[in-house]
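**Q** Structure incoming, see below.
Here, each number is a calculation from the coordinates, and none is a lab measurement. Predicted model only: the values in this text are computed from it and were never measured. All Cβ positions, glycine included, derive from the backbone under ideal geometry; neighbour counts span all protein chains shown.
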Amino acid sequence: MTTTTAPRAIGFIAAAVVAVAACSAPAPTTAPIATTNAASPTTVPSGPQAAILGTALDVTTAEATASYTVGNLAPVPLEAQIMMAKGTMYSVDVNIEAQSGTTVFNGFYFTARDQDGKSIAPAVGAVKPGITSGQLAPGQTVIGHIAFDVAAGMSITQVALRDAQGKTLAVWGAG
């Protein structure tokens, strides 16, 4: 490497480090708490709705409107775990009631955050009955659990619902 390319290489590496650091910064661990927020079927909310765990939120997308309730955050007893946790397995109860359009659901659309703001992927299939994936017509309901393998010493502060593209639609805080 010549002395003229070394500054360019160092500049490129520094820019890459800054870009990666900016992308990996944890999201805020708290969100404003609100009551149920029903949107009209013709409008799609621009930002995520927020509520305390156990509160129903009406979530509207371009395809459908459905009522989601996420609550009852609790550790999963060892005998109820289908997949053993590396840390502590927590689960939430999820109730999805389709109101209009075709509601597409998937356990992987849910994510959690711990008190350090670290994102926790769902452990789909870790508890029964779990939320897997499917579609609901208006009036249909699916009820199940979503599990999260939480690092030792950590706890869940919020659970979020995302769409298939990863956009956050709703957030439930542990209160």
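**Q** Taking segment 121-175 on its own, how many of its residues are in contact with a strand residue (DSSP E or B) (Cβ under 6 Å, 6 or more places away or on another chain), closer than 25 Å to Thr88 by Cα and loosely packed, with under 13 Cβ neighbours inside 10 Å?
**A** Total meeting the criteria: 4.
**Q** Looking at segment 116-152, which of its residues are touching a residue at least 40 places away in the same chain (Cβ under 8 Å) and among the hydrophobic types (A, V, I, L, M, F, W, C)? So that I can check it myself, show each step before the final result.
**A** Filtering segment 116-152 down to residues touching a residue at least 40 places away in the same chain (Cβ under 8 Å) leaves 116-119, 123, 125-128, 136, 138-152.
Of everything in segment 116-152, those that are touching a residue at least 40 places away in the same chain (Cβ under 8 Å) and among the hydrophobic types (A, V, I, L, M, F, W, C) turn out to be Ala123, Ala126, Val127, Leu136, Val142, Ile143, Ile146, Ala147, Phe148, Val150, Ala151, Ala152.
**Q** Hey, can you tell me all the residues within segment 156-171 that are polar (S, T, N, Q) and in a loop (DSSP other than H, G, I, E, B)?
**A** Gln165, the sole residue that qualifies.
**Q** Under 11 Å from Val159 (Cβ atoms) and of a type in the set (Lys, Arg) - does that describe any residue in segment 77-99? Walk me through it before giving the result.
**A** Kept after step one, since they are under 11 Å from Val159 (Cβ atoms), are these residues of segment 77-99: 90-94.
Within this subset, residues satisfying the condition of being of a type in the set (Lys, Arg) are none.
Scanning segment 77-99 turns up no residue that is under 11 Å from Val159 (Cβ atoms) and of a type in the set (Lys, Arg).
**Q** Continuing with the same structure: So, of the residues in segment 138-155 that are in contact with a Gly (Cβ under 9 Å, 6 or more places away or on another chain) and part of a strand (DSSP E or B), which turns out to be nearest to Asp58 (Cα to Cα)? Reasoning before the result, please.
**A** First, pick out the residues of segment 138-155 that are in contact with a Gly (Cβ under 9 Å, 6 or more places away or on another chain): 138, 142, 144-147, 149-154.
Those still in the list that are part of a strand (DSSP E or B) too: 142, 144-147, 149-150.
Values: Val142: 15, Gly144: 18, His145: 19, Ile146: 19, Ala147: 22, Asp149: 27, Val150: 28 Å.
Step by step, filter segment 138-155, then rank; the result is Val142.
**Q** Pairs under 9 Å by beta carbon, first residue within 11 Å of Tyr68 (Cβ to Cβ) in segment 98-111, partner of a type in the set (Asp, Glu) and assigned to a strand (DSSP E or B), six or more apart or different chains?
**A** Gln99/Asp58; Thr103/Glu97
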